[in-house]
Every structure is written in structure tokens, then in C-alpha cells.
Amino acid sequence: MLKWLEENTPKLVLAPSFIAMLVFVYGFIAWTAWVSLTRSRLLPKYEIDGLIQYERLFASPRWETAFGNLFVFGILFIMIAMILGLVLAILLDQNIRTEGAIRTIYLYPMALSMIVTGTAWKWILNPGLGLEATVRGWGFETFTFDWLVNPEMAIYTVVIAAIWQSSGFVMALFLAGLRSVDEEIIKAAQVDGIPTWRVYSAIIIPSMAPIFLSAFIVLSHLAIKSFDLVIALTGGGPGYATDLPATYMYTMAFSRGDIGQAASSAMIMMMVVFTIIVPYLYSELRSKDG
């Protein structure tokens, strides 16, 4: 008995968390997938009725706006955060004296919750008391910055807040990658008279491809599941101009009482995540096998 316990103690310790994950993660994913194939409204129904919820979903102008916003937000957020993070990392890699203080300042936004970030930027971008009011108070009476209340521009305020929140984290990833490059290679390039910008563009940055991929995966995940930032900053408005799939799903589930639509939108979000994660996992496993 003691020998059996000794051999199986790790399995026994892991079993409760494994069962909980199996039930509360994969079990509810399966339940959501099932409900998305029914005519569920306020309460779930379990008679499968085909893809009617998905037909309703893709016929909804609000979902079309939310899904389009995801691509606008995702592309701008990921691209600008990675470029800004790389530039900041390269600047800090020059061994400046105040590197520790500057690194802390850049990383500080990541320590804040998205709710705090959204609330702060809501004050900053509010035309009545934020940036516009301040600049007009300086005497520039014609200055206008009403993106927060402009349906055409409001989604870009979400992009600005998200970049401010996450670019410091990307900077930290890239800075770690820059510091991991073999210094002998860099010194050899400098001895050969290669300019610093060429050392970065031709040697250092290409060697950081795995870090770029990791940053892309993390930022993509943040973009797809963005909810609290939108709720705190714009509430999905004006109207539903800044809706994202996560806010659409929440609205359908808890405000409109349409569980079927919430489930179908959740499954589409999961498919988008899979299209990003699965190729990444495949490449990682393939490289390990090689």
C-alpha cells in the first residue's frame, strides 16, 4: 500500500485540478458549442437545430461591426505595440544611465488593470474635461479632439489605451531578447566596420524571430479577449461603434437574454484563437522534434 501511494502520489495530487479543469474548462466549452447549435434564447434548449444561430450572427449588423472592429483594433494594436516596444528596447539597450528608472516607467502601465487604464483614458479623452478642454483653456479655442464621442473614430481611442497599457511589456520582451544575443557576434560586426543600424537590422533583430512570435501571440490573445478596457473606456459606444466580439457576447448573454447568440459568438472567438495558436504550437512541436 505504501509503495502504491509513493508511486501514485503525484497523480493523486494532480487529479482534483485535472478533473476541475476537465469539467469547468473543456466541459463548458463543449456545452457552449452544443448550445450554439440550438434555438436557445433566455434559457438554454438542448434540441439541436443546425446552424441557425450562426446564420443570425453573421446577418447581424452589430456583429459585423464588432468583428470588423476586432481586425482594426487587433492589427493596429499589435503592429504599433510591437514597433514601439522594439524602438524602446533598442534605446534602452544603449546602456544609458537612467535605464532602471526609465524601464520601470515604461513597465508601470502593465501593472494597472484594464479597468483603471480605461477609466484614466476616458477622463483624458473626454472633450468636456480632458485633452480638448485643456488645450482650449490654453487659448486654442478651435482645437478639437472628440474621438471618444465620434462613432467613426472611437475605436482608435481603444487602440491608444491598449498600446499605452501593453507596449512596456513588449519592450521588456524585446530588451531581454537583445541582451541574449551573443556579444562576440556584435563585436565582430563592429570590428568589420558595420554601422550600428545595420548590426541591428541584419544580425540582432532577425535572431529574435522567436521573441517576435511570442509577442505576437500574447498581443493577439489580449486583442481577441479585450472586454474590460472597452467597457471602462467607451462602454461599446457611441451606440455600438466600439463593440468587440467579447462585448457583443456579454451583451447578448446578460443584457439581451440571447444565450444562443452569445454561445455562437463565443465559438467564433475560440476559432479565431485557434487559427493563431494552433500553427504556433505546431511549429514549436515540429522544431522540438527536429
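The values are calculated or read from the model by the stated rules, or taken from the named source; none is laboratory data. Everything numeric here is computed off the predicted structure, so don't read it as measured data. Here Cβ is always computed from backbone atoms with ideal geometry, including for glycine, and neighbour counts include all displayed protein chains. Surface accessibility is based on the protein's heavy atoms, side chains included, excluding ligands, DNA and RNA. Shrake-Rupley method; radii C 1.70, N 1.55, O 1.52, S 1.80 Å.
For the stretch 63-72, state whether one or more residues are among the β-branched types (Val, Ile, Thr), assigned to a helix (DSSP H, G or I) and over 30 Å from VAL159 (Cβ atoms). The answer is no, given that none of the residues of the stretch 63-72 is among the β-branched types (Val, Ile, Thr), assigned to a helix (DSSP H, G or I) and over 30 Å from VAL159 (Cβ atoms).
Would you pick out the residues in the stretch 200-211 that are open to solvent by less than 60 Å² (accessible area, probe 1.4 Å) and within 21 Å of VAL170 (Cβ to Cβ)?
Selection gives TYR200, SER201, ILE203, ILE204, ILE205, MET208, ALA209, ILE211.
The residue that is least open to solvent (accessible area, probe 1.4 Å), among those in the stretch 109-134 that are over 15 Å from VAL158 (Cβ atoms) and not in a helix (DSSP H, G or I), is GLY130.
Rundown of residues vs (1) touching an Asp or Glu at 6+ places or on another chain (Cβ under 7 Å); (2) hydroxyl-bearing (Ser, Thr, Tyr); (3) within 24 Å of LEU88 (Cβ to Cβ); (4) open to solvent by 40 Å² or more (accessible area, probe 1.4 Å), yes/no style:
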site: ARG136; (1), (2), (3), (4): no, no, no, yes
site: MET153; (1), (2), (3), (4): no, no, no, yes
site: TYR156; (1), (2), (3), (4): no, yes, yes, yes
site: ALA161; (1), (2), (3), (4): no, no, yes, no
site: VAL191; (1), (2), (3), (4): no, no, no, yes
site: ILE194; (1), (2), (3), (4): no, no, yes, yes
site: ARG198; (1), (2), (3), (4): no, no, yes, yes
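Identify the residue in the stretch 81-108 that is touching a Ser or Thr at 6+ places or on another chain (Cβ under 8 Å) and modelled with pLDDT of 90 or more and, among all such residues, is surrounded by the fewest Cβ atoms within 10 Å (Cβ to Cβ). Only one residue tops the list, namely LEU84. Among the residues of the stretch 25-47, those that are loosely packed, with under 13 Cβ neighbours inside 10 Å, part of a loop (DSSP other than H, G, I, E, B) and hydrophobic (A, V, I, L, M, F, W, C) comprise LEU42, LEU43. The helices (runs of 4 or more DSSP H) falling completely within the stretch 194-290 that include 1 or more residues that are hydrophobic (A, V, I, L, M, F, W, C) and without any contact (Cβ under 8 Å) to a residue 12 or more places away in the chain map to 196-199, 209-224, 259-289.
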